[in-house]
Amino acid sequence: MENLKKKISTVVLMVCVLSSTGLLAASQHINETENTNLSQNASWQMNPAIWEDLVVWEDYRDDPLGSWATPGNRNSNIYLMNISSGETVRLSQNDSSQVNPDIWENYVVWEDHRNGDPDIYMIDLDDPEDEIRITDDQGSQKRPKIHGGKIVWEDYRENDFGDIYMYDIATGTESPVSTERAIQNSPYIHGDRVVWTDYRNFWAGEYTQMRADIFVYDISTEEEFAVAEGDVNQNRPSIYKDTVVWTEYSEGTNNIYMRIIGEEKQIISAESTSEQSPRIYAGRVVFFEVDRISQYSDSIYVYNILENSKELIAKVDIPEGESPGPTYARNPVIHQNKIVWEERHPSEHPNLSNQYDIYHTTVENEAPDILWSKIETHTGEEGIEVNVTLEEGAYVTVSSEVIDVDSDLDSVYVTSDEMDIDELEMERYNDRYFSVDIPIENKGVFQLTVSAVDRAGNLAYTDNLFLYVQTPLPEIKFAGVGTSMEDLSNEVEFILEEGNTLHFAAEVDEWVESARLVIEEYLPDGANMEQKNDTYVLSVPYQETMTLGNKTAYIEVADEDGRTVQSDELIIRAVEPERVEEPTTGILYMVLLIFAILLALVLVIRKFKPELLKRK
């Protein structure tokens, strides 16, 4: 581009400013916006194209005006103007006919007749003196369009009715896009999609009027499909990403239709008018409307897709009292918020009855529009207000659909003061859709704002997203009861006797802030437990008020937010202590028997003792 600026400074042809009063003496130019005549030359300037601030067109100012034949016999060249600087330069350097230019980034292409049959030529604005011949095949190659480093055109090498071909600048390779029978013409390209008018389904005699369909070729998938079919004439398509617009002729009226690929088509012009030649960029469509009564009064309109509204850009009308003349405004094109078109007016040139000029206007640069935003958790919950649990690996995805009518979107980002997030860039993943993953590191209530800003500084935002982050519910890993801390289970036998004690324990996770023990009858109102590391414990000694039978108990834990969780039931089987049995009647009898025997033995001894003594 620097080389082009040098060339402009050395071979620049400064714009010749002519009296607008003289030029428009036989017509009236009514404009709703501030319009500028870019060419201002008393000859022909036609078929403009625009990329950012650069406008190209075919220009006949160098023509000797000796021939009025079709292009090919005229000396027309490709001119370029930088709108910002107002400088104009001639790009093509041949005295034949160069027409139908188009521009993308640093590249300008056109249809060139220097070799007899028209070919496609190209220059890189970084090296504007090097004119590159793209095609050298037999037959004609016409009406090129360029975008995304690829050129498409009408090709007549094999088919007198026309095929669609494509050239890849990066690889230097050429390939056919459509070589169907009948006519394929008016190609247009944006990104990986090529669109054109196709007459393959038209056969003479079957219909009362010409029938043409609109076809699309997806370069990435190598698939071809129709986006508009029917017993009507559909032509002059244009495409931006996944949205196609075209003119449909039916019942004597031309109307503009639009279709997002995969959805139903819709009409975007008034059915009672005659509107033609749509060109789409981002959220705007430009076209011209013909006065069906005079056929000499044209209007340029821009349609806002998002708002479903159209705005008058320019109107060329016949002043009151004047007879109709050859005046019109047609062939508008658009890039970002800049629109250019051609107008025909009576000419002051002695050899011309009329002249064509290139006009330009800038519509208001609108802020991006955030259609919706949402938060989606890693568990699948989504909405503008969501709850998420703080745990390892937890995150949320913030998504938005953003439309920028001017397609000069600079960035979409998320901010949150509470989460200490400052303009976290969202990633574009499908045309108008943006998203970003945000890890969850703290609990709390967080407000998130999605903002979209364009290169002009226009800002749109939505701040209705709320994220409620809570810790997980507290967890009891183990709960038990026993007569000692070394022997805990979910059930215990407890002897109601002085000195005996019940021991309770619960092993918990990090989110537990407190624990209490509830025992049926014994501690019906509960008692707080003591924390020891990750375990809560409590000992309950025997009390005289304790009663026999099975009692249930449970341990309840709570987190800092007061959320509670209870353990499974713990069973206490309260029993009496073992008692010593009273002597039985049999034992008493045994004692008495022994006593009787001993008594008898004593009596015997006393009886026989004297005799025993005598014997001694």
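The values are calculated or read from the model by the stated rules, or taken from the named source; none is laboratory data. Worth saying up front: this structure is predicted, and the values here are computed from it rather than measured. Backbone-built Cβ (ideal geometry, glycine too); neighbour counts: all protein chains shown. When the accessible area is computed, the model is the full protein with side chains, heavy atoms only, and any ligands, DNA or RNA have been set aside. Shrake-Rupley method; radii C 1.70, N 1.55, O 1.52, S 1.80 Å.
Just to be sure before I move on: is Ile438 in contact (Cβ under 8 Å) with a residue 40 or more places away in the chain and surrounded by 20 or more Cβ atoms within 10 Å (Cβ to Cβ) in the structure I sent? Answer is no for this residue. Among the residues of the range 83-108, those identified as part of a strand (DSSP E or B) and of a type outside the set (Phe, Trp, Tyr) are Glu87, Thr88, Val89, Arg90, Ser97, Gln98, Val99, Asn100, Pro101, Asp102, Ile103, Val108. In the range 321-341, of all residues being within 15 Å of Met46 (Cβ to Cβ) and open to solvent by 20 Å² or more (accessible area, probe 1.4 Å), the one that is modelled with the highest pLDDT corresponds to Val333. Checking each residue in the range 367-396 for being farther than 27 Å from Ala456 by Cα and loosely packed, with under 15 Cβ neighbours inside 10 Å picks out Thr379, Gly380, Glu381, Glu382, Gly383, Ile384, Glu385, Asn387, Glu391, Glu392, Gly393, Tyr395.
This table checks each residue for (1) open to solvent by 90 Å² or more (accessible area, probe 1.4 Å); (2) touching a residue at least 12 places away in the same chain (Cβ under 8 Å); (3) of a type in the set (Gly, Ala, Ser).
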| position | (1), (2), (3) |
| --- | --- |
| Thr483 | no, yes, no |
| Asp487 | yes, no, no |
| Leu502 | no, yes, no |
| Val508 | no, yes, no |
| Glu521 | yes, yes, no |
| Glu556 | no, yes, no |
| Asp561 | no, yes, no |
| Ser567 | no, yes, yes |
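Restricted to the range 231-289, and to residues there that are in contact (Cβ under 8 Å) with a residue 24 or more places away in the chain, assigned to a loop (DSSP other than H, G, I, E, B) and of a type in the set (D, E, K, R), the residue that is farthest from Thr362 (Cα to Cα) is Asp231.
Inspect all residues belonging to the range 276-288 and state whether any of them is more than 22 Å from Glu52 (Cα to Cα), modelled with pLDDT of 90 or more and either in contact with a Phe, Trp or Tyr (Cβ under 6 Å, 6 or more places away or on another chain) or surrounded by 17 or more Cβ atoms within 10 Å (Cβ to Cβ) (or both). Within the range 276-288, one or more residues are more than 22 Å from Glu52 (Cα to Cα), modelled with pLDDT of 90 or more and either in contact with a Phe, Trp or Tyr (Cβ under 6 Å, 6 or more places away or on another chain) or surrounded by 17 or more Cβ atoms within 10 Å (Cβ to Cβ) (or both). Restricting attention to the range 119-140 and to residues that are part of a loop (DSSP other than H, G, I, E, B) and open to solvent by less than 10 Å² (accessible area, probe 1.4 Å), the residue that is nearest to Val56 (Cα to Cα) turns out to be Leu125.
The condition of being under 30 Å from Arg284 (Cβ atoms) and under 28 Å from the mean Cα position of the chain (by Cα) does not hold for Leu390. Filtering Glu513, Glu530 for residues that are open to solvent by 60 Å² or more (accessible area, probe 1.4 Å), touching a strand residue (DSSP E or B) at 6+ places or on another chain (Cβ under 7 Å) and free of Cβ contacts under 8 Å to residues at least 12 places away in the same chain leaves a single hit, Glu530. Look at the range 370-392: where a residue is without any contact (Cβ under 8 Å) to a residue 12 or more places away in the chain and a partner is open to solvent by less than 60 Å² (accessible area, probe 1.4 Å) and assigned to a strand (DSSP E or B), sitting 6+ places away or on another chain with Cβ atoms under 6 Å, you get Glu382/Lys374. Report, by residue number, each residue of the range 153-200 that is without any contact (Cβ under 8 Å) to a residue 40 or more places away in the chain, of a type in the set (Ser, Thr, Tyr) and closer than 17 Å to Ile214 by Cβ. Scanning the range 153-200 gives a single hit, Tyr199. The residues of the range 377-393 that are touching a strand residue (DSSP E or B) at 6+ places or on another chain (Cβ under 6 Å) and in a loop (DSSP other than H, G, I, E, B), listed by number, are His378, Ile384, Leu390.
Screening Arg236 against (1) more than 31 Å from the chain's Cα centre (by Cα); (2) among the basic types (Lys, Arg); (3) open to solvent by 60 Å² or more (accessible area, probe 1.4 Å) leaves a single unmet condition, (1).
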